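Accompanying notes for the structure given below.
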């Protein structure tokens, strides 16, 4: 019984660290979006500077999970719970990278060109940020139904992604001198689309943790 209590304490610590990581990632996404909207370079720098902390949190979670596996030798549901934490931490780290990429847009795209695309970028980012938040809520309760609902929203991001891509390519054809900036916008568009994909991955892992099934959401 004492060993079991110790194991649950380890798992609780992993869950808490994972949620702290998720909160920081969500916060960075919000900051990056505000930085681009207001052309606030100081805010953008704070996002970029905090990214190593997210990387460190991922490593800490992986280390804790490794120790739990080595010392407790979990099986079945317990092992699944640990593996899911590792996978979710990896996806959160990648989402954190996308927040950094968005923040760096201030140095790569002029305010004039950004303003033309920003309404769509903002919509994509807001959907993605809400997905991150709600996926973390689903993780707390291992709510598979909520996770499935969150994953469905990725289709909204995909539609906006295709629309913005077409707009950017059209703008570059009309003004070849803006190709370099346009290419940076293409990458930002892609990063936001990938944000939705990573949240969908998180949702799939939540369903797996609850059901033991590997869904394609």
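Miscellaneous remarks
- Checklist (1) more than 30 Å from residue 108 (Cβ to Cβ); (2) without any contact (Cβ under 8 Å) to a residue 60 or more places away in the chain applied to residue 177, failing item: (1)
- Any hit, the stretch 12-24, residues being under 16 Å from residue 136 (Cα atoms), free of Cβ contacts under 8 Å to residues at least 40 places away in the same chain and crowded, with 16+ Cβ neighbours inside 10 Å: no
- Only listed residue being part of a helix (DSSP H, G or I) and within 23 Å of residue 133 (Cα to Cα), chosen from 9, 26: 26
- Residue in the stretch 40-55 that is over 21 Å from the mean Cα position of the chain (by Cα), in a helix (DSSP H, G or I) and modelled with pLDDT of 95 or more present: yes
- Residues that are more than 20 Å from the chain's Cα centre (by Cα), under 15 Å from residue 147 (Cβ atoms) and in a helix (DSSP H, G or I), drawn from the stretch 178-217: 210, 211
The values are calculated or read from the model by the stated rules, or taken from the named source; none is laboratory data. Predicted, not measured: the structure shown is a model, and the values here were computed from it. Note that we place each Cβ from the backbone using ideal geometry, even for glycine, and neighbour counts take in every protein chain shown.
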